[in-house]
Amino acid sequence: MKKSCCTLIFAVVAFFCFAQNGYKKVYKYGAYNRDWALVKDITGNYGFIDSDGKEVVPTNYKKIGKFNKTVYNYALVKDVLGYYGLIDCYGKEVVPPNYKKIGKFNKTVYNYALVKDVLGYYGLIDCYGKEVVPPNYKKIGKFNKTVHNYALVKDVLGYYGLIDCYGKEVVPPNYKKIGKFNKTVHNYALVKDVLGHHGLIDCYGKEVSAMHEDDSEDEE
């Protein structure tokens, strides 16, 4: 009888506690952000409350990662549709959850992060969440600081081009192949067009020689 009474009391207390805060679970304060506690609502979605119990991040997310103090104090969030975004340490959405994937910010490469949209195309965002390069490419290579800060890009048709560190297309993706710039040979790069013809582009992306057929066997 005593055990039954204790169980009943516990159930009543738990009910009133739940009714008071409206959450299924309240996690430990300070585990994610100072004076914040992760909360889980009855639908299984997550958000944050502060030490006063005020909701600072609505329970709109299926998942919330840890804040990364070394990279702008952002946390990766996943919405109910499975798309990713970023929130800052104040609970503001810096990047709305519109992406299938968000890579890490790279402080050595202009503070950009690689993003993948819902169609599977890649782009770049800066540290403020702004799209520097819209997700129009099937592939984006790394920026090469030794060669004019360019990155190789591949479009949806499989052709290659080059973008600079500001996200501008220096060379539109019109080529089947773009070689490396050679500082010992006037900073030119060998290119191959869609017809299989070869030519040269300079460090500004301009064709400096007419495209022509190569009689030698092409080496991929």
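The values are calculated or read from the model by the stated rules, or taken from the named source; none is laboratory data. Source: prediction; values computed, not measured. Reconstructed Cβ throughout: ideal geometry from the backbone, glycine too, with neighbour counts over all protein chains shown.
Assorted remarks:
- Residue in the stretch 86-98 that is touching a strand residue (DSSP E or B) at 6+ places or on another chain (Cβ under 9 Å), charged (D, E, K, R), in a loop (DSSP other than H, G, I, E, B) and over 30 Å from K54 (Cβ atoms) present: no
- Test set (1) of a type in the set (A, V, I, L, M, F, W, C); (2) within 22 Å of D202 (Cα to Cα); (3) part of a loop (DSSP other than H, G, I, E, B); (4) at pLDDT 95 or above - V153 fails condition number: (3)
- Qualifying position, being under 30 Å from L114 (Cβ atoms), at pLDDT below 95 and surrounded by 12 or more Cβ atoms within 10 Å (Cβ to Cβ), among Y32, Y90, Y84: Y32
- Residue within the stretch 174-184 that is under 30 Å from N60 (Cα atoms) and touching a Gly at 6+ places or on another chain (Cβ under 9 Å) present: no
- Criterion violated by Y74 - all others in (1) hydroxyl-bearing (S, T, Y); (2) modelled with pLDDT of 95 or more; (3) closer than 25 Å to Y128 by Cβ satisfied: (2)
- Among residues of the stretch 156-181, those that are in a strand (DSSP E or B) and among the hydroxyl-bearing types (S, T, Y), counted: 2
- Residues in the stretch 185-220 that are acidic (D, E) and at pLDDT 90 or above: D193, D202, E207.
- Within the stretch 99-122, if we keep just the residues that are of a type in the set (V, I, T) and assigned to a loop (DSSP other than H, G, I, E, B), the residue that is surrounded by the most Cβ atoms within 10 Å (Cβ to Cβ) turns out to be V109.
- Answer residue from the stretch 186-212, given it is more than 16 Å from V170 (Cβ to Cβ) and among the charged types (D, E, K, R) and is surrounded by the most Cβ atoms within 10 Å (Cβ to Cβ) among those: K192
- The residue of the stretch 130-150 that is farthest from I102 (Cα to Cα), among those that are out of contact with any Asp or Glu (no Cβ under 8 Å at 6 or more places or on another chain) and crowded, with 18+ Cβ neighbours inside 10 Å, is F143.
- In the stretch 166-184, of all residues being at pLDDT below 90, in contact with a strand residue (DSSP E or B) (Cβ under 9 Å, 6 or more places away or on another chain) and surrounded by fewer than 19 Cβ atoms within 10 Å (Cβ to Cβ), the one that is farthest from N111 (Cα to Cα) corresponds to N182.
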